[in-house]
């Protein structure tokens, strides 16, 4: 009896959501941040694999980036001043890179979605993109 009522309710709600409504439709209010799913090692592993694959696919779509390669150092015994200048420029370039990276990371960490740990979002993200992580 209760199964019939449950299926009846689900059928009613499914039908309600799929019907066009006068003046609009059914929409979620707010942004979901997690689902009622336990965080397990299998879930975290699936999420990690998904994120790695997504990152690789995204990089395939991006235009190639110029690789920043440090200039080769001059021969130290030939010109001590040129070698010192090269060393200072190399250290300064690295410091600028680190500072820019830290600034980008601070902006990312300030986003509301990243204020909480990633693990509670794993099931939500995987479900939203249609990834069957339980398989």
Flag for residue 84 being in a helix (DSSP H, G or I) and under 30 Å from residue 49 (Cβ atoms): no
Complete set of residues in the range 32-63 that are outside any helix (DSSP H, G or I) and closer than 16 Å to residue 120 by Cβ: 32, 33, 34, 35, 36, 37, 38, 39, 40
Filter result (surrounded by 13 or more Cβ atoms within 10 Å (Cβ to Cβ) and either farther than 13 Å from residue 44 by Cβ or modelled with pLDDT under 85 (or both)) within the range 120-135: 124, 127, 131, 133
Test for residue 113: is it part of a helix (DSSP H, G or I), touching a helix residue (DSSP H, G or I) at 6+ places or on another chain (Cβ under 8 Å) and surrounded by 10 or more Cβ atoms within 10 Å (Cβ to Cβ): yes
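The values are calculated or read from the model by the stated rules, or taken from the named source; none is laboratory data. Not measured: the values here are computed from a predicted model. Cβ: placed from backbone, ideal geometry, glycine included. Neighbour counts: every protein chain shown.
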